[in-house]
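One structure is given here, and the rest of the page talks about it.
The values are calculated or read from the model by the stated rules, or taken from the named source; none is laboratory data. These figures come from a predicted structure and were not determined experimentally. All Cβ positions, even for glycine, are placed from backbone atoms using ideal geometry, and neighbour counts span all protein chains on display.
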Amino acid sequence: MRTVVITGAAAGIGRATAERFAKHGDRVVIADIDHLGAERAVAEITAAGGTAHGYRLDVSSEEQWEQFADWAAQQFGAVDVLVNNAGILDTGGFVETSAAQWQRTVDIDVMSVIYGSRVFARQMIDGGIRGHIVNLSSAGAFFPARVIPAYATAKFAVLMASQALRVELRRYGIGVTAICPGAIRTDLLAHGERAGLEGVEQASWREGTGSVQQLAFAGPDKVARAIERAVRRDSAIVPVNPEAWLAYAVFRLSPSAMRLAGRLGTFAMADALLPFAQPLLSRITK
C-alpha cells in the first residue's frame, strides 16, 4: 500500500485528490491547518472503505514540515507520493499589495512547496523509493494579470521549482509534476484578501468573488484526476482546463500577447460586473 501525503486536503482540490487516491487503494494522509476539517475528511474516506489519517500542519513553517516528515516516517515508512496543494489567492495591484501580504503569499504558496519537497524528497532518496512529488502551480503562472501579481509570481516560482527539482531527482527515479489548473469551483477566492479593503468591504468582496468562482466549469474532481494521471504517467507540466492550455500555449508562443491580455482586467471592471452577476448567482445556488 502506497502512502500519499496531500496538503490543504480538508476541502477542495486536496480533498478530491485524497478521495481519489484512497479509492485506488492508497493510504492517504490529509495534512491541513484546519484540523477539524481534516478529521471530517478522514472520517468520510474511512467510512467509504478507504484508509486515511489526519495531521495538523501549518505549511508555512519549516519546523512543522520537519516534524511532519518524522511523524510520517515513524508511522508508515518513507512516503511514496507528496501532493503540495495548500495555497492562498490574495488579490490587489503590485504596488498596493503590502509587503506583509506579499510575504504571506510567498510563505504559503512557494516556501511550503520548497519545505515539503525537500523533506520528503530526502525521505524518498534515503528509502530508495521511486516516488513522485506533485506541486500545484496555476494557469495564473502564465498570466501576468494586474489583479493577481503576488499569486501569479508565486505560482510561476512553483512551476520553475518543480522543473528544477524534476531535473535533480530524475537520477533517483523520482518524478516531479507541476499541475496548472484554470478556473476551478473551490473556495480559494472566498478565503483570500483584497489589498486595501478592511472589515465589511473585505467580507463583501470575499463573498462576491467567492460566489463567482462557483460558476467555474470544472470542479475539484477534474484536477484530482489530472494529478492521479500525472503520477502514473510521470508528466512534467499539466495544464487543467481549456483556458489553462490556451494560456500555456500563448505564453510560450507570444509572451507579449499575454502581457497585453493581463492589462485588460481591472478591479473597477470587477466591481462594476459583480452586481449584475448576483441575480444569476442567486438563481443558480437556490
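Miscellaneous remarks
- Verdict on LEU82 being under 18 Å from the mean Cα position of the chain (by Cα), within 22 Å of GLY173 (Cα to Cα) and in contact (Cβ under 8 Å) with a residue 12 or more places away in the chain: yes
- Flag if ALA31 is more than 23 Å from ARG225 (Cβ to Cβ) and either buried (at least 16 other Cβ atoms within 10 Å of the Cβ) or among the hydrophobic types (A, V, I, L, M, F, W, C) (or both): no
- Which numbered condition THR97 misses (of (1) part of a strand (DSSP E or B); (2) among the β-branched types (Val, Ile, Thr); (3) under 30 Å from ARG263 (Cβ atoms)): (1)
- Residue selected from region 222-255 under the condition surrounded by fewer than 16 Cβ atoms within 10 Å (Cβ to Cβ) and of a type in the set (D, E, K, R), by the criterion nearest to the chain's Cα centre (by Cα): ARG225
- Among the residues making up region 125-135, those that are touching a helix residue (DSSP H, G or I) at 6+ places or on another chain (Cβ under 7 Å) and not in a helix (DSSP H, G or I) are GLY131, HIS132, ILE133, VAL134, ASN135.
- Scanning region 148-179 for residues that are in a helix (DSSP H, G or I) and either in contact (Cβ under 8 Å) with a residue 12 or more places away in the chain or buried (at least 18 other Cβ atoms within 10 Å of the Cβ) (or both) yields a count of 18.
- One residue from GLY77, GLY49 being within 13 Å of ASP26 (Cα to Cα) and over 23 Å from the mean Cα position of the chain (by Cα): GLY49
- Of the strands (runs of 3 or more DSSP E) lying entirely inside region 13-86, the ones with 3 or more residues being farther than 21 Å from ARG130 by Cβ and modelled with pLDDT of 95 or more are found at 27-32, 51-56.
- Only listed residue being farther than 23 Å from SER61 by Cβ, touching a Ser or Thr at 6+ places or on another chain (Cβ under 8 Å), surrounded by fewer than 21 Cβ atoms within 10 Å (Cβ to Cβ) and in contact (Cβ under 8 Å) with a residue 12 or more places away in the chain, chosen from ALA195, ALA183, ALA145: ALA195
- Looking at GLU44, GLU19, just one residue is among the acidic types (Asp, Glu) and surrounded by fewer than 19 Cβ atoms within 10 Å (Cβ to Cβ), and that residue is GLU44.
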